[in-house]
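**Student:** Next up is a structure, given as structure tokens.
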Amino acid sequence: MILFAVCIVLVVVLLVLWNYALARDYQKIKELAAQAAAQAGGGVFHGSVIVIGSLLLVCLVVLMSVLGAQLFSQIRFSQRLSYSMAAFSHELNSPLASIKMFAQTLAKPIKDEERKLFCGMILADVERLGQQINNVLHAAQLDSLQGFPISLQRVDLRAFLEDYIEAKQIALDRLAGDNRLILESGPHMIAAIDRAALTAVLDNLVGNSIKYARPGGARVTLRVGASDKKVVLEVQDDGLGIPEGDLERVFDRFGRVEGGAHGSKQGTGLGLWIVETLIEAHGGRVRATSPGVGQGTTVFVEFPIRGAPEFPEVDTPSSSSANVTPLSDGQEVQ
């Protein structure tokens, strides 16, 4: 990309120098053209020919530059797609091989403690496999003309997170290491969200925190607050962190942090792209910050408070009266 930009700059500089030379020697060129026209049997030289020719050449160079940039972008996209497909194949084969091995072990006479351990490992691999399949399905939905179906409902975000953490922690306890999800104390904010979409967002954010955790496990802290008529959800971990130059790129489709400890981690590069796309479908935005490599990452997810009077802050300290009950499609929290 840098080499391509340098070539474009050189072409532009050469065009400027060429037009400068034409302008400086315009009178001489005009006299030579008049002599040539007279020798050819008449005719009139128009200076506009030089101007029009120069403009056409500039337009041609600009057009070629745009086409070259698009071609380069498509080549990069194809390379990243090929890498992601290879990574996705590995992400599927790895848990499948693990499940097969543990299943073969369970077919033999073993102790109850070992049986329980292997069953937990199988369930963990099944969840990992399901997450990868869900990401591909979500990506296909987002690529389709219909897109991911977003059905906004009034949901107590804090109560939703409490339910999510309770269920997710059970799954994390089956994984190696001490992985903890923590919800800090804060207000009960009512937001207009799609429950399935937010679950997919949290699964990807928490999954990244676990994948890029330090040895021993991850500590993932969730916070809920408000800022400028927006509900803000923070997901903070103490993992490997993200280099400053990659903070924007990680939300690109197939975008990944290369090199260092990150390079040894497999992944499709779809997770954070799905997160950003789903949040933007809510009318919100997402951004990531990191003090640096090895210092963790914080992802800020913002939802607009649609019609603030309709979605007031709930200041009931107890979550028992604010729990979000299972809803059918189109049903709202009462």
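The values are calculated or read from the model by the stated rules, or taken from the named source; none is laboratory data. This structure is a prediction, so every number in the text was calculated from the model and none was measured. Cβ coordinates were reconstructed from backbone atoms using ideal geometry, including for glycine residues, and neighbour counts include every protein chain displayed.
**Student:** Please indicate, with yes or no, whether at least one residue in the stretch 265-283 is among the small types (Gly, Ala, Ser), outside any loop (DSSP other than H, G, I, E, B), surrounded by fewer than 19 Cβ atoms within 10 Å (Cβ to Cβ) and modelled with pLDDT under 75.
**Tutor:** Scanning the stretch 265-283 turns up no residue that is among the small types (Gly, Ala, Ser), outside any loop (DSSP other than H, G, I, E, B), surrounded by fewer than 19 Cβ atoms within 10 Å (Cβ to Cβ) and modelled with pLDDT under 75.
**Student:** Filter the stretch 226-249 down to residues that are in contact with a Phe, Trp or Tyr (Cβ under 9 Å, 6 or more places away or on another chain) and either assigned to a strand (DSSP E or B) or of a type outside the set (D, E, K, R) (or both), then give me how many there are.
**Tutor:** Total meeting the criteria: 10.
**Student:** I've got another one for you. Could you say whether any residue in the stretch 140-152 is surrounded by 12 or more Cβ atoms within 10 Å (Cβ to Cβ), closer than 16 Å to Val201 by Cβ and modelled with pLDDT of 85 or more?
**Tutor:** Yes, there is a match, as at least one residue in the stretch 140-152 is surrounded by 12 or more Cβ atoms within 10 Å (Cβ to Cβ), closer than 16 Å to Val201 by Cβ and modelled with pLDDT of 85 or more.
**Student:** Restricting the stretch 223-250 to residues that are among the hydrophobic types (A, V, I, L, M, F, W, C) and surrounded by fewer than 20 Cβ atoms within 10 Å (Cβ to Cβ), which is modelled with the highest pLDDT? First the steps, then the outcome.
**Tutor:** Initial filter on the stretch 223-250 (among the hydrophobic types (A, V, I, L, M, F, W, C)): 224, 226, 231-233, 235, 240, 242, 247, 250.
Now drop any that are not surrounded by fewer than 20 Cβ atoms within 10 Å (Cβ to Cβ), which leaves 226, 232, 247.
Details: Ala226: 85, Val232: 91, Leu247: 86.
So the residue we want is Val232.
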